[in-house]
1. Kindly check whether there is at least one residue in the stretch 78-95 that is modelled with pLDDT of 95 or more, of a type in the set (A, V, I, L, M) and closer than 23 Å to Met1 by Cα.
2. Might you check whether a residue that is open to solvent by 30 Å² or more (accessible area, probe 1.4 Å), more than 11 Å from the ligand (Cβ to nearest atom), closer than 22 Å to Gly91 by Cα and in contact with a Cys (Cβ under 8 Å, 6 or more places away or on another chain) occurs anywhere in the stretch 52-59?
3. Within the stretch 66-116, track down each residue that is within 16 Å of the ligand (Cβ to nearest atom), of a type outside the set (Phe, Trp, Tyr), touching a residue at least 12 places away in the same chain (Cβ under 8 Å) and part of a loop (DSSP other than H, G, I, E, B).
4. Taking only pairs six or more apart or across chains, which ones have beta-carbon atoms under 8 Å, a first residue in the stretch 13-39 that is of a type in the set (Lys, Arg), and a second residue that is more than 10 Å from the ligand (Cβ to nearest atom) and in a strand (DSSP E or B)?
5. Here are some residues: Ala17, Ala33. Which one is within 9 Å of the ligand (Cβ to nearest atom), loosely packed, with under 11 Cβ neighbours inside 10 Å and not in a helix (DSSP H, G or I)?
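The values are calculated or read from the model by the stated rules, or taken from the named source; none is laboratory data. On a predicted model such as this, the values are computed, not experimentally measured, just so you know. Please note: Cβ atoms are built from the backbone with ideal geometry, for glycine as well, and neighbour counts cover all protein chains shown. Remember, those area values only see protein heavy atoms, side chains included, never the ligands or the DNA or RNA. Shrake-Rupley method; radii C 1.70, N 1.55, O 1.52, S 1.80 Å.
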Amino acid sequence: MTDPTIFGKIIRREIPADIVYEDDELIAFRDIAPQAPVHVLFVPKTHVPTLNELQPDQAAVVGRLAHAAAAYAKREGFAEDGYRIVMNCNGDGGQTVFQIHLHLLAGAQLGRFGTPR
Ligand code: 5GP
């Protein structure tokens with residue numbers, strides 16, 4: 001299924017993004033509103049709106065996103081200092097773009113997370 005979201009438009013080069021990595025399965029680009037000195041989004045090319053729709057035979061897609069994020073951290077030299085990966089789901093999770101994606105946050109000591117607003 002074609003990804004109708006803004007991330008699908010980035011994948012299809014219909015809108016610009018600061019792309020830092022791409023292969024046959026996924027794309028990675030800098031978040032337009034970074035929440036840390038490094039904030040990169042890893043997005044699969046297979047359209048899955050939220051983690052709730054992820055099928056058992058698609059589980060490896062999430063593993064590929066995590067592996068690509070770790071590889072990026074190693075390449076960029078901050079893997080040993082550390083980083084955080086986050087996937088938001090639906091309203092309470094704070095998901096705003098309905099194509100699954102993994103946030104990679106790094107470049108500073110990050111605060112704790114998960115507290116209700
Ligand atoms: P979510 O809230 O769904 O977990 O994360 C969506 C992320 O996409 C947000 O951090 C937001 O800043 C980012 N974002 C939304 N629109 C764009 C865009 O057009 N370009 C880029 N690079 N990031 C975007």
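1. As a first pass, look at the stretch 78-95 and keep what is modelled with pLDDT of 95 or more: 78-95.
When the remaining residues are screened for being of a type in the set (A, V, I, L, M), the result is 79, 85-87.
Keeping just the survivors that are closer than 23 Å to Met1 by Cα gives 87.
Yes, the stretch 78-95 contains a residue that is modelled with pLDDT of 95 or more, of a type in the set (A, V, I, L, M) and closer than 23 Å to Met1 by Cα.
2. Looking through the stretch 52-59, at least one residue is open to solvent by 30 Å² or more (accessible area, probe 1.4 Å), more than 11 Å from the ligand (Cβ to nearest atom), closer than 22 Å to Gly91 by Cα and in contact with a Cys (Cβ under 8 Å, 6 or more places away or on another chain).
3. Once the filter is applied, which keeps residues that are within 16 Å of the ligand (Cβ to nearest atom), of a type outside the set (Phe, Trp, Tyr), touching a residue at least 12 places away in the same chain (Cβ under 8 Å) and part of a loop (DSSP other than H, G, I, E, B), the stretch 66-116 yields Met87, Asn88, Cys89, Gln95, Val97, Gln99, Ile100, His101, Gly107, Leu110.
4. The qualifying pairs are Arg30/Val20.
5. On the way: Ala17 fails: loosely packed, with under 11 Cβ neighbours inside 10 Å.
Answer to the check: Ala33.
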